[in-house]
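These notes concern the structure reproduced below.
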Amino acid sequence: MDDLDKAILIMFDAFGVSDDELKKHAVNYCNDVKENKASISRLCIEKLCFSNLVHVQFWCLQTLLDMIKSRYSSMSPEEIYMIRSSVFSIVCLEPVDDNNLRRVLEGPAFIKNKLAQVLATLIYFEYPLIWSSVFVDFLPHLSKGNSVIDMFCRVLNVLDDELISIDYPRTAEELTVAARVKDAIRQQCVSQIVRAWYDIVSMYRNNNEELCASVLGSMRRYISWIDIGLIVNDAFIPLFFDLVLAGNLSDSLRGAAARCLLAVVSKRMEPQSKLSLLQNLQISRVFRLVSEDGDAELVSDISALLIGYAEEALDCFKRLNSEDAKGVSMELLNEVLPSVFHVMKNFELDDTFNVVQFLSGYVATLKSFAPLREKQLFHMGQILEVILVLVRYDPVYRANLDVMDKIGKEKEDKMVEFRKDFFVLLRTVGRVAPDVTHLFIRNSLASAVSSSSDSNVEEVEGALSLLYALGESLSDEAMRAGSGLLSELVLTLLSTKFPCHSNRLVALVYLETVTRYVKLIQDNTHYIPMVLTAFLDERGIHHSNINVSRRASYLFMRVVKLLKVKLVPFIETILQSLQDTVAQCTIMNSTTEVMSASEDGSHVFEAIGLLIGMEDVPPEKQSDYLSSLLSPLCQQVETLLINAKLLTYEETDAKISIIQQIIMAINSLSKGFSERLVTTSRPAIGLMFKQTLDVLLQVLVVFPKVEPLRSKVTSFIHRMVDTLGASVFPYLPKALEQLLVEIEPKEMIGFLVLLNQLICKFSTSVRDIVEEIFPAVADRIFSVIPRDGLPSGPGAVTEEIRELQELQRTLYTFLHVIATHDLSCVFLSPKSKAYLDPVMQLLLYSSCNHKDILVRKACVQIFTRLIKDWCAQPYEEKVPGFRNFMIETFGINCCLYSVLDRSFEFRDANTFVLFGEIVLAQKVMYEKFGNDFLVHFVSKGFSAAHCPPDLAEQYSQKLQGSDIKALKSFYQSLVENLRLQQNGSLVFR
């Protein structure tokens, strides 16, 4: 063993060395040897001949391969000849020289594969122009037996993988070489290769099945591009079928023959020729193989053959025009389909995508057969059976799916994705054969219910999922009419209690399906009691699984929204059924969290609110219902607030959680009541909500620093603004004052959103409230937002900075809402005047520089509105200094310098809208400030930008004209001209 051998062994970790430095040294040593270009190829050949170390053999072969790929064009003819002749001799078991001692072909598979790669790479560069005889020279050596035949197969396989096969992406050069190689093989030796394949399989089928399977595996790859007549003849086709049907042979050899038949069936050719080929194959000979208990691998290969055959028969039907040919195609298809459906239903298939594609194509073809014949209707039923089988869950994962652990979540996600194509197919079948589909689903449900087998859960869930998926394709009209068997299906659904209803998946799909078909129930009110029962008993809201009961609450709320008035007669029944659920929403168990988490528990209250908030409910009843819900909840809050400051941390935390739940419940409950009802037609209802608001505002007093509670109370105030309208005013000062206590930046965002809602809804009516609150808001915001802007860039944006950015964005919206709702006087009130300059400076900076174009636009719009509000008459000085500020600062910086900056991209849609607002601002400034603005803008701004006098004069004329579009168009061209003139030498700011 020389130093190179040792280095290779160390590099490949053959000695189990853990010394990284030694490995690094070994790698460097091997690389240095490689760099000796004059002797490396001969060294590699010698090592291959003499070394019995497989690691060394592999390194030598890999080195030769790398060298040929990277240096072929620069190698000498002598060196290439030496490599070619040596490698070919090794492959053919010929001595390389008189001292040839080792046989690489006796080595492990990875060595032989690497050797095949080297030879295939030489073929890539040299066949047929330089080394035209490679295949012809190879064939006589096949008589040497197993080793050379095996090597021949490996070379053909590598050629296919790395050059010929179209299953992999190829470069233009590779495609050219592949065409050259294939053309040469076709012209020179393909018939000899095919003859060799036949002879080998015939000779070795009874004593070396593995070798025969390898030969057939190589043959399968080449059938797609060689002359089909070489394979489809009286020699090969009988041989293939003989092998497939021979029960005494191994399944691997039989499967290899079946894959060759599939390659024959799938070969591209003219449809009439293909049809003749399919007819002559007599594929029915293999049907029995899929009905017997055979090896899974063989069944998989036979299944692929039958599905491939069916796909080709269907393709012939589509492509051929003559009635006779179409008839033959359909006969062949009808012959094979029972076996195809059998394998689809009973065996696991490798490629379900192709299954869906084929079945979808078949169903689409049947659309032209109207009405469908009996056999075609039967096939539709078979397709539905296939869908049902394939979309079922594996019972092995039943427990995982029920408790929804990590494995269950993964399986459910995969199944959701897997089912998509099958459900599209289901809906297509439903359109082509609606009665068959409805009947099938009805029978599937009935069968699942009556079944007591272990697969009951999966059967029921699968059948319900089909019914749910079917509903997606039905029009509102078809749904309401309950066409065909649909009414019967829905009746079966509603009246059935499945034995496995406790299972999470079954319960969920059941509720989702009922919800989907509620439109049918709208016009069939006799179903309503059954719908309510389904949601209110242990199948829905009272289900033992908390995830099911929460989802049921949400779906019930949706059902109530749809049925609404039709549920009025059932309100008392519903409320009675929900008593315990309503109580649980706000009860805390000593060992668990609040019974219903977050929004899920509140869906029940929203459903109740929608029910009792209708004007169809008699006033007295309505008051009683609402009072019976609100009074206990408010009393519970008042009780919880008593002595709250004396509680321990754990006790306080528990009370806070319950109060949160109660606030969300009341909030959701109020969504069913309109402003007109509570303020005009039934003010007694409004009074109840006012009293509730009074109670909930106490929460802010007792727990002033608890952010989740403040957030929930803020949300409730939002709701009361919408519900109570202007009658909420007396409660606002106290509420807003309390919300501002020690308010954090994150909370200030929600506070500003509330103010925006008030202003948008009530406009100038809230002037006094906004004037009173604005100084505190401005003081808090300007104390946390830096005057010189917020940091940006990678790593600079922390969670805190993100909150401040969001606060700043909300502030711009707040200022915009004030300005555009006739409340600009708020900025000028005695208490707010101290913040006027910071506000103006922020708006100025942002209108020129903010990265968010929409923020810049809002800032420009604010200034435009302020000009109109504060400068009603020319030369009027309502706000001292504002006029000069707009002319000298805003006008020059925003209207000129900011648009001259090359970052101002006219091609961006939002930026172009901003540009329109900037042009409009100039127009308004001219209207309000007259020549004072125009003269300053031209003399100071245009002068600094080196604007030519003629363009400045044209601008003046356009500005004084009445056509704003013409002004905008001219100003854009002016800006672009000035940019070209400056050529980037001046940055405007």
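The values are calculated or read from the model by the stated rules, or taken from the named source; none is laboratory data. As the structure is a prediction and not an experimental result, all values here were calculated from the model. Reconstructed Cβ throughout: ideal geometry from the backbone, glycine too, with neighbour counts over all protein chains shown. Only protein heavy atoms, including side chains, enter the accessible area calculation; ligands, DNA and RNA are left aside. Shrake-Rupley method; radii C 1.70, N 1.55, O 1.52, S 1.80 Å.
Filter region 763-807 for residues that are at positive phi and more than 30 Å from the chain's Cα centre (by Cα); which is modelled with the highest pLDDT?
Keep residues of region 763-807 that are at positive phi, which gives 763, 789, 793, 795.
Narrowing the set further to residues that are more than 30 Å from the chain's Cα centre (by Cα) leaves 763, 789.
Details: S763: 94, G789: 67.
It comes out as S763.
Within region 265-317, take every residue that is of a type outside the set (K, R) and part of a loop (DSSP other than H, G, I, E, B) and give me the one that is surrounded by the most Cβ atoms within 10 Å (Cβ to Cβ).
Once the filter is applied, the top-ranked residue is G294.
Looking at L736, L790, L732, L758 in this structure, which one is assigned to a loop (DSSP other than H, G, I, E, B) and either aliphatic (A, V, I, L, M) or in contact with a strand residue (DSSP E or B) (Cβ under 6 Å, 6 or more places away or on another chain) (or both)?
On inspection, the qualifying residue turns out to be L790.
Tell me which of these V355 doesn't satisfy, since it passes every other one: (1) closer than 20 Å to A433 by Cβ; (2) in contact (Cβ under 8 Å) with a residue 40 or more places away in the chain; (3) loosely packed, with under 14 Cβ neighbours inside 10 Å; (4) hydrophobic (A, V, I, L, M, F, W, C).
(3)
Out of region 488-500, which residues are surrounded by fewer than 21 Cβ atoms within 10 Å (Cβ to Cβ) and either at pLDDT below 85 or touching a Lys or Arg at 6+ places or on another chain (Cβ under 8 Å) (or both)?
The answer is E488, T492, T496, K497, P499.
Of the residues I656, I642, which is among the β-branched types (V, I, T) and open to solvent by 30 Å² or more (accessible area, probe 1.4 Å)?
On the way: I656 fails: open to solvent by 30 Å² or more (accessible area, probe 1.4 Å).
Being among the β-branched types (V, I, T) and open to solvent by 30 Å² or more (accessible area, probe 1.4 Å) holds for just one of I656, I642, which is I642.
List the pairs whose first member sits in region 692-706 and is open to solvent by less than 30 Å² (accessible area, probe 1.4 Å), whose second member is among the acidic types (D, E) and part of a helix (DSSP H, G or I), and whose Cβ atoms are under 9 Å apart, counting only residues at least 6 apart or on separate chains?
Taking only residues 6 or more apart or on different chains, the pairs are V695/E638.
Hey, does region 23-39 have a residue that's open to solvent by less than 30 Å² (accessible area, probe 1.4 Å) and touching a residue at least 40 places away in the same chain (Cβ under 8 Å)?
No, every residue in region 23-39 fails to be open to solvent by less than 30 Å² (accessible area, probe 1.4 Å) and touching a residue at least 40 places away in the same chain (Cβ under 8 Å).
From the residues in region 625-639 that are within 27 Å of R550 (Cα to Cα) and out of contact with any helix residue (DSSP H, G or I) (no Cβ under 7 Å at 6 or more places or on another chain), which one is least open to solvent (accessible area, probe 1.4 Å)?
Just the residues of region 625-639 that are within 27 Å of R550 (Cα to Cα), to begin with: 625-637.
Filter once more, so that each one left must be out of contact with any helix residue (DSSP H, G or I) (no Cβ under 7 Å at 6 or more places or on another chain): 628, 631-632, 635.
Details: S628: 73, S631: 47, P632: 64, Q635: 109 Å².
Here the residue is S631.
Identify, from the list L9, L43, L93, L4, the residue that is surrounded by fewer than 18 Cβ atoms within 10 Å (Cβ to Cβ), aliphatic (A, V, I, L, M) and farther than 20 Å from V155 by Cβ.
Just a single option satisfies the conditions, and that option is L43.
Within region 159-175, track down each residue that is closer than 15 Å to V118 by Cβ and either aromatic (F, W, Y) or open to solvent by less than 20 Å² (accessible area, probe 1.4 Å) (or both). Please lay out each step first, then the result.
As a first pass, look at region 159-175 and keep what is closer than 15 Å to V118 by Cβ: 159, 161-163.
Within region 159-175, L159, L163 meet the criteria.
Yes/no per residue for (1) under 29 Å from the mean Cα position of the chain (by Cα); (2) within 26 Å of E335 (Cα to Cα); (3) among the basic types (K, R); (4) exposed (fewer than 13 other Cβ atoms within 10 Å of the Cβ):
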residue	(1), (2), (3), (4)
L384	yes, yes, no, no
V396	yes, no, no, yes
K411	yes, no, yes, no
F422	yes, yes, no, no
G430	yes, yes, no, no
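For region 662-677, check the following and say yes or no: at least one residue is over 18 Å from H718 (Cβ atoms), surrounded by 14 or more Cβ atoms within 10 Å (Cβ to Cβ) and free of Cβ contacts under 8 Å to residues at least 24 places away in the same chain.
Taking region 662-677 as the starting set, the residues that turn out to be over 18 Å from H718 (Cβ atoms) are 676-677.
Imposing the further condition that a residue be surrounded by 14 or more Cβ atoms within 10 Å (Cβ to Cβ) reduces the set to 677.
Subset that is free of Cβ contacts under 8 Å to residues at least 24 places away in the same chain: none.
There is no residue in region 662-677 that is over 18 Å from H718 (Cβ atoms), surrounded by 14 or more Cβ atoms within 10 Å (Cβ to Cβ) and free of Cβ contacts under 8 Å to residues at least 24 places away in the same chain.
Is it true that A246 is open to solvent by less than 40 Å² (accessible area, probe 1.4 Å), without any contact (Cβ under 8 Å) to a residue 24 or more places away in the chain and not basic (K, R)?
Values: open to solvent by less than 40 Å² (accessible area, probe 1.4 Å): yes; without any contact (Cβ under 8 Å) to a residue 24 or more places away in the chain: yes; not basic (K, R): yes.
Yes.
Confirm whether Y554 is in a helix (DSSP H, G or I), in contact (Cβ under 8 Å) with a residue 24 or more places away in the chain, aromatic (F, W, Y) and surrounded by fewer than 22 Cβ atoms within 10 Å (Cβ to Cβ).
Details: in a helix (DSSP H, G or I): yes; in contact (Cβ under 8 Å) with a residue 24 or more places away in the chain: yes; aromatic (F, W, Y): yes; surrounded by fewer than 22 Cβ atoms within 10 Å (Cβ to Cβ): yes.
It is true that Y554 is in a helix (DSSP H, G or I), in contact (Cβ under 8 Å) with a residue 24 or more places away in the chain, aromatic (F, W, Y) and surrounded by fewer than 22 Cβ atoms within 10 Å (Cβ to Cβ).
Failed condition for A178, given (1) open to solvent by less than 10 Å² (accessible area, probe 1.4 Å); (2) touching a residue at least 40 places away in the same chain (Cβ under 8 Å); (3) of a type in the set (G, A, S), with all others met?
Tallying (1) open to solvent by less than 10 Å² (accessible area, probe 1.4 Å); (2) touching a residue at least 40 places away in the same chain (Cβ under 8 Å); (3) of a type in the set (G, A, S), A178 fails exactly one: (2).
I'm checking my understanding of the structure. Among residues of region 541-551 that are surrounded by 16 or more Cβ atoms within 10 Å (Cβ to Cβ) and either in contact with a Lys or Arg (Cβ under 9 Å, 6 or more places away or on another chain) or touching a residue at least 60 places away in the same chain (Cβ under 8 Å) (or both), which one is farthest from V460 (Cα to Cα)? Can you show your working first?
First, pick out the residues of region 541-551 that are surrounded by 16 or more Cβ atoms within 10 Å (Cβ to Cβ): 541-543, 545, 548-551.
If we keep only those that are either in contact with a Lys or Arg (Cβ under 9 Å, 6 or more places away or on another chain) or touching a residue at least 60 places away in the same chain (Cβ under 8 Å) (or both) too, we end up with 541, 543, 545, 548.
Numbers: I541: 20, H543: 17, N545: 18, V548: 17 Å.
Among them, the one singled out is I541.
Can you tell me which residue in region 323-337 is nearest to the chain's Cα centre (by Cα), limited to those that are without any contact (Cβ under 8 Å) to a residue 24 or more places away in the chain and open to solvent by 60 Å² or more (accessible area, probe 1.4 Å)? Walk me through how you get there before you give the answer.
First, the residues of region 323-337 that are without any contact (Cβ under 8 Å) to a residue 24 or more places away in the chain: 323-324, 326-327, 330-331.
Within this subset, residues satisfying the condition of being open to solvent by 60 Å² or more (accessible area, probe 1.4 Å) are 323-324, 331.
Working: E323: 45, D324: 47, E331: 42 Å.
Looking at residues that are without any contact (Cβ under 8 Å) to a residue 24 or more places away in the chain and open to solvent by 60 Å² or more (accessible area, probe 1.4 Å), I get E331.
Tell me, yes or no, whether region 814-826 has at least one residue that is farther than 26 Å from F751 by Cα and in a helix (DSSP H, G or I). Before you say what the answer is, go through the steps one by one.
Within region 814-826, the subset farther than 26 Å from F751 by Cα is none.
Checking region 814-826: not a single residue is farther than 26 Å from F751 by Cα and in a helix (DSSP H, G or I).
Could you list, ordered by first residue, the pairs with Cβ atoms under 6 Å in which the first is in region 380-405 and more than 18 Å from N547 (Cα to Cα) and the second is part of a loop (DSSP other than H, G, I, E, B), at least 6 apart or interchain?
From region 380-405, the pairs are M380/A433; P395/S455.
Here are some residues: F716, F782. Which one is surrounded by 18 or more Cβ atoms within 10 Å (Cβ to Cβ) and not polar (S, T, N, Q)? Talk me through it step by step, then tell me what you get.
Working: F782 fails: surrounded by 18 or more Cβ atoms within 10 Å (Cβ to Cβ).
Result: F716 is the single residue among F716, F782 that is surrounded by 18 or more Cβ atoms within 10 Å (Cβ to Cβ) and not polar (S, T, N, Q).
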